[in-house]
1. Please specify each residue of the range 210-230 satisfying the condition of being under 22 Å from ALA260 (Cβ atoms) and surrounded by fewer than 18 Cβ atoms within 10 Å (Cβ to Cβ).
2. Quick one: is ARG293 loosely packed, with under 15 Cβ neighbours inside 10 Å, within 30 Å of PRO104 (Cα to Cα) and of a type outside the set (Ser, Thr, Tyr)?
3. Considering only residues that are within 24 Å of the chain's Cα centre (by Cα) and assigned to a loop (DSSP other than H, G, I, E, B), look in the range 74-96 and name the one that is nearest to VAL324 (Cα to Cα).
4. Evaluate the following for VAL269: is it touching a Ser or Thr at 6+ places or on another chain (Cβ under 6 Å), within 23 Å of PRO215 (Cα to Cα) and surrounded by 16 or more Cβ atoms within 10 Å (Cβ to Cβ)?
5. In a helix (DSSP H, G or I) and either of a type in the set (Asp, Glu) or not assigned by TED's automatic domain parsing to the domain that holds GLY18 (or both): is that true of ASP311 in this structure?
6. State whether one or more residues within the range 276-283 are buried (at least 21 other Cβ atoms within 10 Å of the Cβ) and not small (Gly, Ala, Ser).
7. Among the residues of the range 149-175, write down those that are in contact with a helix residue (DSSP H, G or I) (Cβ under 6 Å, 6 or more places away or on another chain) and of a type in the set (A, V, I, L, M, F, W, C).
8. Checking VAL167 against (1) in a helix (DSSP H, G or I); (2) under 26 Å from the mean Cα position of the chain (by Cα), which test does it fail?
Amino acid sequence: MIGQQRHRVVVIGAGFGGKYATRALRKAPADVTVVNGTNHHVFEPLIYQVATGVLSPGEVATPVRELFRRQPNTETLLGWVTDVDVDNRTVTATAPGGLPYQVPYDTLIVAAGTTQSYFGNDRFAEHTISLKSVDDAVELRSRILTAFEMAELETDPAAAARWLTFVIVGAGPTGVELAGQIAEIAHRTLPGEYRRIDPAQARIVLIDAVDRILPTFTPGSSAAATERLRRIGVEVRVGARVTDVDAAGVELAGGERIDAMTRVWSAGVAAPPLAARIAEATGAPVDRTGRIRVEPDLTVPGHPEIFVVGDLASMDGLPGVAQVSIQGGTYAGRTIRRRLTGRPAGKPFHYFDKGNIATVSRFSAVADLRGLRLSGLAGWLLWLGVHWAYLPKGRNRASSLVRWAVAFLGSGRPERAVTARQAGLPSTQRGDLRPPASHNSPHEQHSSTTW
């Protein structure tokens, strides 16, 4: 049991910001408590590869307790933080099953991340799937693969075409990477496996309201990515605004409708409800997406004991990318350690932009690196090396290399299993997979042998 006589630091969230903040506190004279809604840290830049059958969930999700196993001043608690009492300095969380509990703090680090934004059209969430968690990725993988199975069963060509149409709304890195991988599944992995449909006839539509894909990249990189996507069969629709979404498709401004049974939303982010609670309790200003505006040292105005890092922090137009979370979390942890050891305050937080990288398809990526622009194979090799190096554990790196070899050097997908529950089979159909027992043999009738 961690003693409570020392300074208490509570970290909300175990994403990149929370992980690196906690690691920066490993030698601090403090007791650290990490509260996270799941038992794992997610390597989000590769989560789309779980959704497209390249990697397993275990390659991108590392148990939080394992991350901090060798950090004796740190404990981990499972639960979603729902409120912060800034006067009494406690956070309230809810564990699975609805069990509430409170954790006191002397210093708080808020690294709760963001949620999906539907730009005031929250009803869109009912008919789309986002890609923010391992659960989302596994669900989306099921929908993609099941869509081809359902198309195979259809006798109506129009109905089959709806199943074979995939719409991705939002052409940032996630949307681009996802569109490219679905195209590769349709054109490289599945052809020859079906008898009634041609998977290569699948329609993949990437939609964004802005005038180019990857808008945070240079125009040259955006153009290169667009050209590559179109070459592998992705329909790129920029300057197209989605006005409605239903269970069978999307509608665009101007009245055009695209029928699609698989609809993915990757456009925009918003702050979670916790941000509004903290802003209300502290009087902190928020930006238009609800993110908390912070001081140059990443603290909440008037509350130097509360740090906000990562996607939830709004300052000087910082982008919502992993490097901001990594650097912000490290800065907050080191600042707290300096305070506790009596050293003077450090310099204000300064984000060092290392550049942007996005993969488009097999052996093709674009990279903008502080004046250097790479595309094609050179960009892809850089993408591969950077992401491999940042994977949290050695075993993740080793197994990922094997799966990348299967998917990229070959044409297979290591992860294509869809469970009966994911496929939507009624419980009466997935409860017992044994062949019918013979009424002539009591032994067979009561046998527990499956096949």
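The values are calculated or read from the model by the stated rules, or taken from the named source; none is laboratory data. Just so you know, these numbers come straight off a predicted model, no measurement behind them. Note: ideal-geometry Cβ built from the backbone for every residue, glycine included; neighbour counts use all protein chains shown.
1. Answer for the range 210-230, where residues must be under 22 Å from ALA260 (Cβ atoms) and surrounded by fewer than 18 Cβ atoms within 10 Å (Cβ to Cβ): VAL210, ARG230.
2. Numbers: loosely packed, with under 15 Cβ neighbours inside 10 Å: no; within 30 Å of PRO104 (Cα to Cα): yes; of a type outside the set (Ser, Thr, Tyr): yes.
So ARG293 does not fit the description; no.
3. Only one residue fits best here, namely GLY79.
4. Values: touching a Ser or Thr at 6+ places or on another chain (Cβ under 6 Å): yes; within 23 Å of PRO215 (Cα to Cα): yes; surrounded by 16 or more Cβ atoms within 10 Å (Cβ to Cβ): yes.
Yes: the conditions hold for VAL269.
5. On the way: in a helix (DSSP H, G or I): yes; either of a type in the set (Asp, Glu) or not assigned by TED's automatic domain parsing to the domain that holds GLY18 (or both): yes.
So ASP311 fits the description; yes.
6. In the first step, residues of the range 276-283 are kept if they are buried (at least 21 other Cβ atoms within 10 Å of the Cβ); the result is 278.
Subsequent filtering for residues that are not small (Gly, Ala, Ser) retains 278.
Checked the range 276-283: at least one residue is buried (at least 21 other Cβ atoms within 10 Å of the Cβ) and not small (Gly, Ala, Ser).
7. MET150, ALA151, ALA160, TRP163, LEU164, PHE166, ILE168
8. Among (1) in a helix (DSSP H, G or I); (2) under 26 Å from the mean Cα position of the chain (by Cα), the lone unmet condition for VAL167 is (1).
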